[in-house]
Amino acid sequence: MKILFNFKHPSRGHKIDFRPIAAMWLIGFVLSFAAICLISYLFHDSIEPSDWNEQLKKLIPRENITLRHRSEGWGDSRFGKYGICGIDDLAKYRCPKILIWGDSYVQALQMDDKYKMAQVFTRNWKSEDGGRHELLAASIAFGGTNIADYYFMMPYYQKTAGNPICNFIFLHSFADVSADVPGISNAVFSSKPEFNLKFNYIEPVMWKQDLIQQMSNLGMDFLWFLYKDINSYELNFRLETFEQKKGHKKVEKGSKFFEIKKPNAKMVESWDFLMKKLKEVSTVPIVFVYCPDLPQVTKDETILDDSQKDSVPEFRKICKKNNIDLIDMTPDFTDFYKSTHIFPRGFQNSWPYGGHINRYGHVLTSKAIQNYMEEHIDALYPD
């Protein structure tokens, strides 16, 4: 220690020896960096190394990785062979299956796998059905996906599943099934020049995925998020330009894109087009599951009235026209809150009534799907 902190070398008189100073800085940097890595591992979201799926033309989470999610909720999600949380290999299970399609609401990284609606359904179905009809539920869900994604992914995952008997499509807003809604996916539902579903192929950059894997292995996840944040800004340092992100279109949650209060004729026409396209690729019956953003809280009251309630009858009418069923979770969510005063969405480290649905919301949704299957199992899966 005496040598380490002796900044003046004896043979050099009063000249400062910078070697111990550099050593102190280096040791401090290493210890600080190690502390940051440890804190990041415990309290920060982990990064998601992905592999290229040639059939889907899409990056999906690598097999056997565990993703930590801490920014909302506190969950660890284990990905299987086909990028599905909680199922190691969808193809190896020979029993009939139901597929639940959705985005981050269904993927539910905010919770451990055992609390997600697919796993809850499989567990409860086995316990209540007595083995008469064995069923496995699998959530085909990735953050940022939309209805166009389901259209392009459905043939692949139906083939992988082997023998699904029903496709459930989760909706948390009627914007999910509307044309021209901005998003981050390559699959697009557009109304111009006419209604169409298209996929914009982007060549994958695989070296980034290998780098992400190495950073994940070393506990340096935070560096990747830091890089993404820095890279998203135009660093020209001119006044009033720093906050303009490259390629980012800011869309507020409360904007018209995310809340369809009253559908117009063109929107109803887009729903009809979409359902016909989904029927073309689905080999089994389709059921929509609508989970509204309820309850909501203002400064003065708790709101139990769905702002998009006027869209439900019109959407149900188009569903019926195309021989598609609709499960409306509005009464389930509101009745649950009235009886328990517990919100079916929100987490301990976020707004208790906002964001993604929590374990209670997943249980309610799973129960509604289970009730539907109990009523229709003989038609869907005859002995």
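Data table
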{"read-out": "Subset tally (residues that are among the aliphatic types (A, V, I, L, M) and loosely packed, with under 11 Cβ neighbours inside 10 Å) for the range 13-32", "value": "4"}
{"read-out": "Subset of the range 273-313 [in contact with a His (Cβ under 9 Å, 6 or more places away or on another chain) and within 15 Å of Phe174 (Cβ to Cβ)]", "value": "Tyr290, Cys291, Pro292, Asp293"}
{"read-out": "Pair list, Cβ < 6 Å and 6+ apart or interchain, from the range 182-196 residues that are without any contact (Cβ under 8 Å) to a residue 40 or more places away in the chain to residues that are among the hydroxyl-bearing types (Ser, Thr, Tyr)", "value": "Asn196/Ser190"}
{"read-out": "Residue match in the range 295-317 (condition: within 30 Å of Lys126 (Cβ to Cβ), open to solvent by less than 70 Å² (accessible area, probe 1.4 Å) and more than 19 Å from the chain's Cα centre (by Cα))", "value": "no"}
{"read-out": "Tally of residues being in contact (Cβ under 8 Å) with a residue 60 or more places away in the chain and open to solvent by less than 20 Å² (accessible area, probe 1.4 Å) across the range 66-76", "value": "1"}
{"read-out": "Matching residues in the range 33-57 - criterion: being open to solvent by 40 Å² or more (accessible area, probe 1.4 Å) and either farther than 22 Å from Lys228 by Cα or in contact with a Ser or Thr (Cβ under 9 Å, 6 or more places away or on another chain) (or both)", "value": "His44, Glu48, Glu54, Gln55, Lys57"}
{"read-out": "Looking only at the range 164-174, and only at residues there that are farther than 22 Å from Ile60 by Cα and not hydrophobic (A, V, I, L, M, F, W, C), the one that is most open to solvent (accessible area, probe 1.4 Å)", "value": "His172"}
{"read-out": "Criterion (at positive phi and open to solvent by less than 30 Å² (accessible area, probe 1.4 Å)) met by exactly one of Ala108, Ala118", "value": "Ala108"}
{"read-out": "Among the candidates Lys198, Lys245, residue that is at pLDDT below 85 and within 24 Å of the chain's Cα centre (by Cα)", "value": "Lys245"}
{"read-out": "Flag if Lys279 is of a type in the set (D, E, K, R), closer than 30 Å to Lys159 by Cα and either touching a residue at least 40 places away in the same chain (Cβ under 8 Å) or not in a helix (DSSP H, G or I) (or both)", "value": "yes"}
{"read-out": "Only one of Leu226, Leu239, Leu218 that is farther than 30 Å from Thr365 by Cβ, aliphatic (A, V, I, L, M) and modelled with pLDDT under 75", "value": "Leu239"}
{"read-out": "Pairs with Cβ under 8 Å, 6+ apart, first in the range 33-47 and β-branched (Val, Ile, Thr), second open to solvent by less than 50 Å² (accessible area, probe 1.4 Å)", "value": "Ile36/Phe222; Ile47/Ile212; Ile47/Met215; Ile47/Ser216; Ile47/Asp221; Ile47/Trp224"}
{"read-out": "Criterion (at pLDDT 85 or above, out of contact with any Gly (no Cβ under 8 Å at 6 or more places or on another chain) and not in a helix (DSSP H, G or I)) met by exactly one of Pro204, Pro193", "value": "Pro193"}
{"read-out": "Subset tally (residues that are among the aliphatic types (A, V, I, L, M) and either part of a helix (DSSP H, G or I) or open to solvent by 30 Å² or more (accessible area, probe 1.4 Å) (or both)) for the range 318-339", "value": "1"}
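The values are calculated or read from the model by the stated rules, or taken from the named source; none is laboratory data. None of these values were measured; they are calculated from a predicted model. Using ideal geometry, Cβ is built from the backbone for each residue, glycine included, and neighbour counts are taken over all protein chains shown. Ligands, DNA and RNA are stripped out before the accessible areas are found, and what is left, the full protein with its side chains, is counted by its heavy atoms. Shrake-Rupley method; radii C 1.70, N 1.55, O 1.52, S 1.80 Å.
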